[in-house]
Amino acid sequence: MVAGPPGSMKTIMMLNVVNRMGPAVPTIYHSSDSDDFTMTSRSLAMVTGMPTTEAELMVMAQKPEAYEALKQLDHVAWSFAASPTIEHMWFEAEAYREINGAYPHHTVIDILLKVDYEGISEHNYLNLMNELDDMAREQETAVTIVHHTSESAKAGAPPPRGAIIGKGSQLPTLICTLWGDSQAGTLDIAVVKNRFGPQDATAETFFTMRADARVCLIEQQEHAVHDGTPSLFQGA
């Protein structure tokens with residue numbers, strides 16, 4: 001799970017993740033929070049380094065250069081249902097398997113709040129999370145969920161695990177919370193749950209990456225671990 005308040009660069013983070021995974025990790029990306037024009041423009045900016053304002057113009061004009069550049073993300077199958085159900089996500093996965101002979105290795109759900117699930121409320125996601133856990137096991141796909149944290153959490157740093165909305169933190173193996181600062185060009189990431197490694201539920205320990213929201217690019221930054229524990233998340 002990747003979680004944060006609105007505007008914390010959650011989607012930009014996930015675009016960079018699926019891009020860096022590359023063709024070895026075929027992916028279905030369920031984008032309910034952003035439409036196809038937005039995601040195409042952001043993706044084009046990310047792979048070319050041009051500002052999103054220029055990328056938007058290229059997409060609107062359907063420039064051949066845009067099509068060529070976006071081939072870098074050919075390993076990603078996109079779904080833009082505004083309120084996807086579990087059944088919809090299964091149908092997409094089955095269609096993918098029919099075409100490609102296997103389920104995708106990676107499934108992104110961006111964003112959990114917009115999944116149409118019977119009985120779901122802002123305060124209870126446990127049943128939905130169990131359904132997604134079953135999907136991950138049966139399809140042998142790694143599921144990454146993009147989710148919100150409470151806006152009441154202290155601003156200026158990644159939110160703690162307790163700020164994640166609903167009962168959505170029990171099942172994920174790994175949870176990272178984010179705080180993006182587009183003015184400073186940074187993205188702070190805290191590992192608030194890690195079943196197989198270091199974690200800090202308070203999010204007081206975090207590391208910083210370079211983030212250029214203008215071109216949707218996130219890059220590694222050296223010597224960026226905070227809270228006086230330089231080895232805790234080394235290599236995370």
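What follows draws every value from the coordinates through simple rules; no lab data is involved. Because the structure is predicted, anything quoted here is derived from the model rather than measured. In this analysis, Cβ positions are derived from the backbone assuming ideal geometry, glycine residues included, and neighbour counts consider all displayed protein chains.
Quick notes on this one:
- Cβ-Cβ FRET estimate between Arg97 and Lys154, R0 fixed at 45 Å, reported to 0.05: 0.55
- Computed over the chain, the per-residue total of -39500 (n - 2.57) for DSSP H runs of n ≥ 4 gives a 222 nm mean residue ellipticity of -9000 deg cm²/dmol, rounded to 500.
- Hz values of 3J(HN,Hα) by residue in segment 154-166 - Karplus curve (6.51, -1.76, 1.60), Gly and Pro given as x: 4, 7, x, 7, x, x, x, 4, x, 8, 5, 5, x
- Relative contact order for the chain: 24 percent, from Cα pairs under 8 Å spaced at least 6 residues apart, divided by residue count.
- What the Cβ-Cβ distance of Glu138 and Leu113 gives, at R0 = 22 Å and to the nearest 0.05, is a FRET efficiency of 0.35.
- Semi-axis lengths (Å, descending) of the ellipsoid that matches the C-alpha gyration tensor of the chain: 26, 24, 16
- Relative contact order %, segment 18-79, counting alpha carbon pairs below 8 Å whose residues are six or more apart: 53 percent
- In order through segment 141-147: 3J(HN,Hα) via Karplus (6.51 cos²θ - 1.76 cosθ + 1.60), integer Hz, x for Gly, Pro: 10, 7, 9, 10, 9, 9, 9
- For Lys71 and His105, a Förster radius of 22 Å and the Cβ-Cβ distance give a FRET efficiency of 0.70, rounded to the nearest 0.05.
- Ranked Val108, Val17, Val143, criterion: other C-beta atoms within 10 Å, fewest first: Val17, Val143, Val108
- Contact order relative to length of segment 83-169, as percent, for alpha carbon pairs under 8 angstrom and 6 or more apart: 33 percent
- Label separation (Glu204 vs Phe37): 4.7 nm, computed from points 7 Å beyond Cα along the C-beta direction.
- Packing-based exposure ordering (other Cβ within 10 Å, fewest first) of Trp90, Trp179: Trp90, Trp179
- In this Cβ point-charge picture (+1 for Lys and Arg, -1 for Asp and Glu), the chain has a dipole of about 520 debye about its Cα centre.
- Ascending count of other beta-carbon atoms within 10 Å, so fewest first, for Cys176, Cys216: Cys176, Cys216
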